[in-house]
């Protein structure tokens, strides 16, 4: 499933293609959205913004389209009227004079007004988005709150009410970078450890956004490329690297299951 950095990049891509332009053609696959094909005709696209793993496209006259890619959703940008070669099913098309923004395979799409979207069951419960001005102090304070301090980090980082946009690969990489056992809880850590966790959460997430999903530091990346590794091999410190040596200490990376999802750990670096 795409995580926060990927959805923010999708928002950038869509904004660059259709923001400040008027819609000339709209298509929705789902029957409950069909009336909006006429209502949105000729509306100007005012804003495109990511919220955690969700995305909102806003139009003039207080119309807002929410979408969530889930596992298989994907946005394509094409010249107006063109379509990609794909076996995916088209769920929504927003076409201007120049470009088409095409959403395939996503199952969660809705259109609503400004008041309604504030009460959306996903958007209304989101915690701070790590790509939207969150600070180290914000994260530390949140980690110490009664709502979250007793939860294992393995489950806490998948809880979108804690920090939105974090998913499976970011969870693994943040906990490795901050040297935290996934079974530990915020209440078990010192203030210094919580500060390191907060720094890692921001660093890893922003790095993934800037580099199209890579979480390793520049020196690790350079070394991996020199060793002939392919992108899927050098993207991460631990994620998807079970059986490989830890990039920091050489200990074999292990794959575990925590909170019903796979997670990768280095027993040495994370003190398991």
- request: Of the conditions (1) surrounded by 12 or more Cβ atoms within 10 Å (Cβ to Cβ); (2) over 20 Å from the mean Cα position of the chain (by Cα); (3) without any contact (Cβ under 8 Å) to a residue 60 or more places away in the chain, residue 142 clears all except one; give me its number.
  value: (2)
query: Quick one: is residue 219 free of Cβ contacts under 8 Å to residues at least 12 places away in the same chain, out of contact with any helix residue (DSSP H, G or I) (no Cβ under 6 Å at 6 or more places or on another chain) and surrounded by 14 or more Cβ atoms within 10 Å (Cβ to Cβ)?
result: no
task: Restricting attention to helices (runs of 4 or more DSSP H) lying wholly within region 166-229, give those where 2 or more residues are over 22 Å from residue 154 (Cβ atoms).
output: 191-210, 218-226
- prompt: Taking region 232-270, which residues are exposed (fewer than 12 other Cβ atoms within 10 Å of the Cβ) and modelled with pLDDT under 95?
  reply: 232, 257, 260
- line: Residue pairs within 6 Å by beta carbon, gap of at least six or interchain, first lying in region 68-92 and free of Cβ contacts under 8 Å to residues at least 24 places away in the same chain, second assigned to a loop (DSSP other than H, G, I, E, B), listed first then second, are 88/105
- prompt: Quick check: is even one residue across region 134-145 in a loop (DSSP other than H, G, I, E, B), touching a helix residue (DSSP H, G or I) at 6+ places or on another chain (Cβ under 6 Å) and more than 19 Å from residue 108 (Cα to Cα)?
  reply: no
message: Return the residues of region 127-178 that are in contact with a strand residue (DSSP E or B) (Cβ under 6 Å, 6 or more places away or on another chain) and more than 24 Å from residue 267 (Cβ to Cβ); say none if nothing qualifies.
response: 127, 129, 164, 165
query: Out of all the residues in region 180-194, which are surrounded by fewer than 17 Cβ atoms within 10 Å (Cβ to Cβ), over 24 Å from the mean Cα position of the chain (by Cα) and within 21 Å of residue 259 (Cα to Cα)?
result: 187, 188
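The values are calculated or read from the model by the stated rules, or taken from the named source; none is laboratory data. Small disclaimer: the values here were computed from a predicted structure and weren't measured. Every residue, glycine as well, gets a Cβ built from its backbone with ideal geometry; the counts of neighbours run over all protein chains shown.
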